[in-house]
Amino acid sequence: MRAWHVTAHGEPIDVMQIAEVPDPVPGPGEVLVRVSAVSANFPDVLLARGEYQVKPEIPFSPGVELAGVVEALGEGVTNVAVGDRIVAFHIGVLSELAVVPANAVLPAPEALSDAEASGLMIAYQTAYFALHRRAQIQPGEWLLVHAAAGGVGAASIQLGVAAGARVIAVVGDERKAEVARQQGAEAVLFRGVDDIPVRVNEITEKHGADVAVDPVGGAAFEASVRCIAFEGRLVVIGFASGEIATLKTNLTLIKNFSVEGLYWGMYAERKPWLVAEAHEALTQLAAEGKIKPVVDEIVPFEQAPEAIQKLAGGSTVGRVVISVRT
Ligand SMILES: NC(=O)c1ccc[n+]([C@@H]2O[C@H](COP(=O)([O-])OP(=O)(O)OC[C@H]3O[C@@H](n4cnc5c(N)ncnc54)[C@H](OP(=O)(O)O)[C@@H]3O)[C@@H](O)[C@H]2O)c1
């Protein structure tokens, strides 16, 4: 089978090579999947650069989530059957066949295509945990979403609207603004152009944002601190800007707000039943037409490095999907 390998640390476009390798065999507790689609994720960029919190030994396959069909089961696997259409999250799935731990596999929602389903796990689980587990968002609350047309951002808008929140989106350009509006954002602000705190306070009539979702860090985090509401919850999800902000803790006291960290992978590791529960809720929302991963582009397997490099440039909306069907 063919697999993409990262052969040195650097920009994805420079360090990814396609390799012909023996078909993998699932061990005990593992599942062999014939991969249909892999969504490119920001962590793919960080993995290639050697900047992700997990640093696999070189050469390794990137790819962190997929949609596909179960091809074979390792010893002791009972939660799926051969032929099941599934989604899974695991580092190293950008290949025609992938072995993943059985506990990282969940049923693919019938309402979603392979390309859409391949973008469900990480972005939507992350947004779901951010809004419901960490921020406990309530109907009618104001939700501020940074990088709102990105994978996590678009998912946060859709899930926020589904939860009855009113969404203010922050984006980098007009194409992204249109995507944010299509997902249900009530107001759209432009990063680097609008004064975000001033505009949020105007839009919410001085109430502020009850919940802020921040996958960007740096100036985005600082802007959220300046417009978070009394008893607001600011959820730190990532640092797409490359900058980690610092916080004067007296501000949390004065404004009675909380900063909530979210590393979704830790839930998958420590509280997998919560991930399964969230997947059921997401499957139901997909069936009701309330959520649907935004697929920017579907590219053939051979163009995987270009797809991942696009994410590094911050120019994509929703998900770029790598089609692996052979
Ligand atoms: N904590 C967790 O469990 C978890 C889970 C998933 C993802 N993440 C993290 O969340 C972040 C977003 O992930 P994603 O999949 O939504 O990514 P994405 O779709 O690539 O979106 C990233 C967006 O960040 C914005 N951005 C602002 N400054 C940027 C810069 N200097 N370079 C690149 N982009 C910049 C851009 O949107 P605008 O131009 O519209 O601002 C860009 O489209 C990543 O850092 C990722 O590692 C964390």
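The values are calculated or read from the model by the stated rules, or taken from the named source; none is laboratory data. What you are looking at is a predicted structure, and each value in this text was computed from that prediction instead of being measured. Cβ sites come from the backbone with ideal geometry, for glycine too, and all protein chains shown count toward neighbours.
Considering only residues that are under 13 Å from Leu143 (Cα atoms) and within 16 Å of the ligand (Cβ to nearest atom), which ones fall in the stretch 198-213? Give the derivation first.
Of the residues in the stretch 198-213, the ones under 13 Å from Leu143 (Cα atoms) are 200-201, 203-204, 207-213.
Once the filter is applied, which keeps residues that are under 13 Å from Leu143 (Cα atoms) and within 16 Å of the ligand (Cβ to nearest atom), the stretch 198-213 yields Val200, Val211, Ala212, Val213.
Residues in the stretch 1-29 that are touching a Ser or Thr at 6+ places or on another chain (Cβ under 7 Å) and not in a strand (DSSP E or B): Met1, Val15. Taken over the stretch 49-102, the criterion of being over 16 Å from Arg34 (Cα atoms) and part of a strand (DSSP E or B) is satisfied by Phe60 alone. Taking (1) of a type outside the set (Asp, Glu); (2) free of Cβ contacts under 8 Å to residues at least 12 places away in the same chain; (3) over 30 Å from Gly238 (Cα atoms) in turn, Tyr52 satisfies each apart from (3).
May I ask you to verify whether Glu110 is closer than 26 Å to Arg199 by Cα, more than 13 Å from the ligand (Cβ to nearest atom), modelled with pLDDT of 95 or more and among the charged types (D, E, K, R)? So Glu110 fails the test. Scanning the stretch 79-109 for residues that are of a type in the set (Val, Ile, Thr) and touching a residue at least 40 places away in the same chain (Cβ under 8 Å) yields Val80, Ile86, Ile91, Val93, Val99, Val100, Val105. Picking from residues in the stretch 287-304 that are under 15 Å from Val93 (Cα atoms) and in contact with a Phe, Trp or Tyr (Cβ under 9 Å, 6 or more places away or on another chain), the one that is nearest to the ligand (Cβ to nearest atom) is Ala304. Residues that are within 25 Å of the chain's Cα centre (by Cα) and either within 13 Å of the ligand (Cβ to nearest atom) or more than 11 Å from Leu143 (Cα to Cα) (or both) within the stretch 228-239 comprise Val235, Val236, Ile237, Gly238, Phe239, listed in sequence order. Could you tell me whether Leu32 is touching a strand residue (DSSP E or B) at 6+ places or on another chain (Cβ under 7 Å), closer than 26 Å to Leu159 by Cα and either part of a strand (DSSP E or B) or modelled with pLDDT of 95 or more (or both)? Considered against the rule, which asks whether it is touching a strand residue (DSSP E or B) at 6+ places or on another chain (Cβ under 7 Å), closer than 26 Å to Leu159 by Cα and either part of a strand (DSSP E or B) or modelled with pLDDT of 95 or more (or both), Leu32 comes out as no. Note on the stretch 305-326: residues that are surrounded by 18 or more Cβ atoms within 10 Å (Cβ to Cβ) and either away from the ligand (no atom under 11 Å from the Cβ) or of a type in the set (D, E, K, R) (or both) total 9. Residues in the stretch 63-85 that are of a type in the set (Asp, Glu) and in contact with a strand residue (DSSP E or B) (Cβ under 8 Å, 6 or more places away or on another chain) were compared, and the one that is surrounded by the most Cβ atoms within 10 Å (Cβ to Cβ) is Glu65. Of all residues in the stretch 182-198, those satisfying the criterion of being free of Cβ contacts under 8 Å to residues at least 24 places away in the same chain and crowded, with 18+ Cβ neighbours inside 10 Å are Ala187, Leu189.
If I ask for residues that are free of Cβ contacts under 8 Å to residues at least 60 places away in the same chain, within 13 Å of the ligand (Cβ to nearest atom) and assigned to a helix (DSSP H, G or I), which ones from the stretch 125-170 would you list? Residues satisfying the conditions are Ser156, Ile157. Counting only helices (runs of 4 or more DSSP H) wholly contained in the stretch 249-304, the ones carrying 3 or more residues that are crowded, with 16+ Cβ neighbours inside 10 Å occupy 264-270, 272-287. Of everything listed in (1) under 22 Å from Ile91 (Cβ atoms); (2) among the hydrophobic types (A, V, I, L, M, F, W, C); (3) buried (at least 18 other Cβ atoms within 10 Å of the Cβ), the single unmet condition for Ile228 is (1). Here is the figure for the stretch 9-55: residues that are away from the ligand (no atom under 12 Å from the Cβ), crowded, with 17+ Cβ neighbours inside 10 Å, within 15 Å of Ile322 (Cα to Cα) and among the β-branched types (Val, Ile, Thr) total 2.
For the stretch 204-222, a tally of residues being free of Cβ contacts under 8 Å to residues at least 40 places away in the same chain and not in a loop (DSSP other than H, G, I, E, B) returns 4.
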